[in-house]
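Q: Mind looking over this structure? Questions follow.
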Ligand SMILES: NC(=O)c1ccc[n+]([C@@H]2O[C@H](COP(=O)([O-])OP(=O)(O)OC[C@H]3O[C@@H](n4cnc5c(N)ncnc54)[C@H](O)[C@@H]3O)[C@@H](O)[C@H]2O)c1
């Protein structure tokens, strides 16, 4: 029970359709198993409700809330509802992110619309959620923020907006950490590598009209550790550690969860 009694908000707690579990849903389930109350926030209310149903079936406590991270008012409302319902905000986990689904492209083909869409969802959405959670955390004199970037921030990655947004999330997290240390608030960022999630595998299969197995096999082959992608549970366990008191002296850290991919330089 490493999050016993903690009030947690997971932005992007639903998931893209597919045969495996997504990072956000796995994190919500794991937080609840460790004793946290979970506000499952998502643009897709049915998907957030499904996460809440799964948590309830395991005996955990959770509620669903519809919000689009590109709409600041809906983000603010979700966070104040959480504080009103459970009295505080202990952990904010920013999982929302889009890539292929946002129309991202190589630099010679990127459109203004696609660039703005990916940036608004990935970067501005993360910033706005922090903006509205921080006043609660500062008042409490404690809080934890876990942001989800990607190893795309540092590796050779084909598309422009996803990479830039995820690199900016690393810099933003460092700024959050230093500017909120005096309030007892910690902020860290996870850089997932190649994970076997619907967002990464099924979305590519749909977008490029290729079999899921083929995309999965290509991704497996690129992972140094055992030539096998990680799962959403690997990201969830890293998030649990950073959210828990075990990481009580860790702030401003950028943690790769990538099976060694970021060590393979050259
Ligand atoms: N899967 C990977 O291989 C991989 C690798 C690196 C980083 N990541 C990062 O992990 C995170 C997502 O992982 P996941 O497996 O949970 O993905 P997912 O697509 O299954 O879940 C993301 C959730 O966010 C929601 N969402 C999308 N846009 C939204 C918006 N504007 N407002 C509110 N909710 C919105 C979706 O409805 C979905 O339920 C992203 O930040 C992604 O960049 C994933």
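The values are calculated or read from the model by the stated rules, or taken from the named source; none is laboratory data. All of these numbers come straight from a predicted model, not from anything done at the bench. Virtual Cβ from ideal backbone geometry, glycine too; neighbours counted across all protein chains shown.
Q: Got a sec? Which of 83, 73 is without any contact (Cβ under 8 Å) to a residue 12 or more places away in the chain and over 28 Å from residue 200 (Cα atoms)? Steps first, please.
A: Numbers: 83 fails: without any contact (Cβ under 8 Å) to a residue 12 or more places away in the chain.
Of 83, 73, the one residue that is without any contact (Cβ under 8 Å) to a residue 12 or more places away in the chain and over 28 Å from residue 200 (Cα atoms) is 73.
Q: I've got another one for you. Just give me the residues in segment 233-248 being without any contact (Cβ under 8 Å) to a residue 60 or more places away in the chain, more than 12 Å from the chain's Cα centre (by Cα) and within 14 Å of the ligand (Cβ to nearest atom), in sequence order.
A: Pass one, segment 233-248, residues without any contact (Cβ under 8 Å) to a residue 60 or more places away in the chain: 234, 238, 241.
If we keep only those that are more than 12 Å from the chain's Cα centre (by Cα) too, we end up with 234, 241.
Passing the criteria: only 234.
Q: Scanning segment 207-232 for residues that are part of a helix (DSSP H, G or I) and crowded, with 16+ Cβ neighbours inside 10 Å, which turns out nearest to the ligand (Cβ to nearest atom)? Spell out how you get there, then give the answer.
A: Narrowing segment 207-232 to residues part of a helix (DSSP H, G or I): 207-208, 212-221, 232.
If we keep only those that are crowded, with 16+ Cβ neighbours inside 10 Å too, we end up with 212, 215-216, 219, 232.
On the way: 212: 14, 215: 11, 216: 11, 219: 8, 232: 6 Å.
Taking the candidates together, the pick is 232.
Q: Being modelled with pLDDT of 95 or more and at positive phi narrows it down to one residue among 139, 226; which is it?
A: Values: 139 fails: at positive phi.
Going through 139, 226 in turn, just one is modelled with pLDDT of 95 or more and at positive phi: 226.
Q: So the check is Cβ under 6 Å with 6+ separation or different chains; which pairs have a first residue in segment 205-219 that's modelled with pLDDT of 95 or more and a second one that's outside any helix (DSSP H, G or I)?
A: What qualifies is 219/194; 219/229.
Q: Can I ask one more? Tell me, please, whether a residue that is within 27 Å of residue 203 (Cβ to Cβ), buried (at least 16 other Cβ atoms within 10 Å of the Cβ) and near the ligand (Cβ under 9 Å from one of its atoms) can be found in segment 49-60.
A: The answer is yes, given that some residue of segment 49-60 is within 27 Å of residue 203 (Cβ to Cβ), buried (at least 16 other Cβ atoms within 10 Å of the Cβ) and near the ligand (Cβ under 9 Å from one of its atoms).
Q: While we're looking at this one, here's another question. Residue 165 is checked against (1) more than 10 Å from the ligand (Cβ to nearest atom); (2) out of contact with any strand residue (DSSP E or B) (no Cβ under 8 Å at 6 or more places or on another chain) and fails just one. What number does that condition carry?
A: (1)
Q: If I filter segment 1-27 down to residues being away from the ligand (no atom under 14 Å from the Cβ), assigned to a loop (DSSP other than H, G, I, E, B) and in contact (Cβ under 8 Å) with a residue 40 or more places away in the chain, which single residue comes out as nearest to residue 140 (Cα to Cα)? Spell out how you get there, then give the answer.
A: To start, the set of residues in segment 1-27 that are away from the ligand (no atom under 14 Å from the Cβ) comprises 1-8.
Narrowing the set further to residues that are assigned to a loop (DSSP other than H, G, I, E, B) leaves 1-6.
Next, from what is left, pick out any that are in contact (Cβ under 8 Å) with a residue 40 or more places away in the chain: 2-3, 6.
Working: 2: 20, 3: 17, 6: 13 Å.
So the residue we want is 6.
Q: Just checking, how many residues over segment 156-205 are surrounded by fewer than 18 Cβ atoms within 10 Å (Cβ to Cβ) and not in a helix (DSSP H, G or I)?
A: Residues meeting the conditions: 4.
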